[in-house]
Amino acid sequence: MVALKSSLNKYLLPLPGWRRWLKRLQAESIPWPGCFLYNAVSTTSIFQKHYELAAEDITKYCSNGKLLDIGTGPGWLLLKLQKLAPALNLTGMDISADMVKKARENIARAKVSASILLEQGSADLLPYADNSFDMVVSTQSLHHWKNPVRGFNEIFRILKDGGRARIYDIVTDVPSAVFQNSAREYGWLKLLMLWIHACEEPFYSRQATLELAGLSLFQKGTLEFIGVLCCLDMEKKLQKNFH
Ligand SMILES: C[S@@+](CC[C@H](N)C(=O)[O-])C[C@H]1O[C@@H](n2cnc3c(N)ncnc32)[C@H](O)[C@@H]1O
């Protein structure tokens, strides 16, 4: 019990005090009826624009390989990716069975030609073989993961050598220039709502996000902003073969 507590503390370390408690209290998945509410919110322009921005960013790195979206939620990012890069082999995964159902409905309604695989699973224990994906992405899900370092290690395991992870999430310390630009684009009201949301969700700071990457097998990561989302980029460096 003591060992479990200290290992949890290690992973929660980058969060300031009260956010650690939020993290302990918050449910990891978004089950029914939360999935209906989130699905509705995610159809608004600010969300849809960010799926588009993330998809454009992702396809700069990978346009025809095997790609996994962790915590895919309603599946909109997969649809944007499919439209931009039809050659991508797409898999979406979510810990919530209700969200997987919602994503299946949204994707079926969009009548896309290529198949998109949707599965239930956790970032903690990815149900995929070692070295099997070219790229792993995730939007607005990292702050839900109970054990983000284990999640990063799992991503490292399933990525091919040279593969890349890009993990997009809201952070607690958005730089003012990013905030001002987004305010011009989306209006202050939407950003105010985002800020209020940031107070009740256990988002990480930029520094904490980098610390999590540093604790993982990736050993390091870099950050950049894509719209208001902070993107953590981590690469699985080619393993040197000494034989
Ligand atoms: C805020 S939603 C984001 C959904 C979508 N990616 C988006 O950008 O709209 C977070 C999603 O992450 C999922 N999730 C939370 N913890 C997870 C975990 N450990 N593994 C996989 N999915 C998880 C939740 O069920 C939920 O659907």
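Consider the range 150-174 and keep the residues that are hydrophobic (A, V, I, L, M, F, W, C) and part of a strand (DSSP E or B). The one that is farthest from the ligand (Cβ to nearest atom) is Leu159.
Looking across the range 158-171, the residues that are in contact (Cβ under 8 Å) with a residue 60 or more places away in the chain and either more than 11 Å from Val136 (Cα to Cα) or touching a Leu at 6+ places or on another chain (Cβ under 6 Å) (or both) come down to Ile158, Asp161, Gly162, Ile167, Tyr168, Asp169, Ile170. Being surrounded by fewer than 17 Cβ atoms within 10 Å (Cβ to Cβ), of a type in the set (A, V, I, L, M, F, W, C), modelled with pLDDT under 85 and touching a helix residue (DSSP H, G or I) at 6+ places or on another chain (Cβ under 6 Å), is that true of even one residue in the range 28-44? There is at least one residue in the range 28-44 that is surrounded by fewer than 17 Cβ atoms within 10 Å (Cβ to Cβ), of a type in the set (A, V, I, L, M, F, W, C), modelled with pLDDT under 85 and touching a helix residue (DSSP H, G or I) at 6+ places or on another chain (Cβ under 6 Å).
Whether any residue in the range 215-235 is assigned to a helix (DSSP H, G or I) and in contact (Cβ under 8 Å) with a residue 40 or more places away in the chain is what I want to check. Yes. Of everything in the range 59-74 that is over 12 Å from the mean Cα position of the chain (by Cα) and within 16 Å of the ligand (Cβ to nearest atom), the residue that is surrounded by the most Cβ atoms within 10 Å (Cβ to Cβ) is Pro74.
When the range 117-149 is filtered for residues that are in a loop (DSSP other than H, G, I, E, B), over 26 Å from Cys230 (Cβ atoms) and more than 12 Å from the ligand (Cβ to nearest atom), the ones remaining, listed by number, are Ala129, Asp130, Asn131, Ser132.
Restricting attention to the range 115-150, the residues being modelled with pLDDT under 95 and of a type in the set (Gly, Ala, Ser) number 1. When the range 45-55 is filtered for residues that are free of Cβ contacts under 8 Å to residues at least 40 places away in the same chain, surrounded by 15 or more Cβ atoms within 10 Å (Cβ to Cβ) and not aromatic (Phe, Trp, Tyr), the ones remaining, listed by number, are Glu52, Ala55. In the range 83-96, the residues that are β-branched (Val, Ile, Thr) reach residues that are away from the ligand (no atom under 16 Å from the Cβ) with C-beta atoms within less than 8 angstrom, at least six apart or across chains, in these pairs: Thr91/Lys66. For Lys101, the criteria (1) among the basic types (Lys, Arg); (2) within 18 Å of the chain's Cα centre (by Cα); (3) within 13 Å of the ligand (Cβ to nearest atom) hold in every case but one, which is (2). Scan the range 151-169 and tell me whether some residue there is surrounded by fewer than 16 Cβ atoms within 10 Å (Cβ to Cβ) and in contact with a helix residue (DSSP H, G or I) (Cβ under 7 Å, 6 or more places away or on another chain). Within the range 151-169, none of the residues are surrounded by fewer than 16 Cβ atoms within 10 Å (Cβ to Cβ) and in contact with a helix residue (DSSP H, G or I) (Cβ under 7 Å, 6 or more places away or on another chain).
The values are calculated or read from the model by the stated rules, or taken from the named source; none is laboratory data. Everything numeric in this text was worked out from a predicted model, so none of it was measured. Don't worry about glycine lacking a Cβ; one is built from the backbone with ideal geometry, like all the others, and counts go over all protein chains shown.
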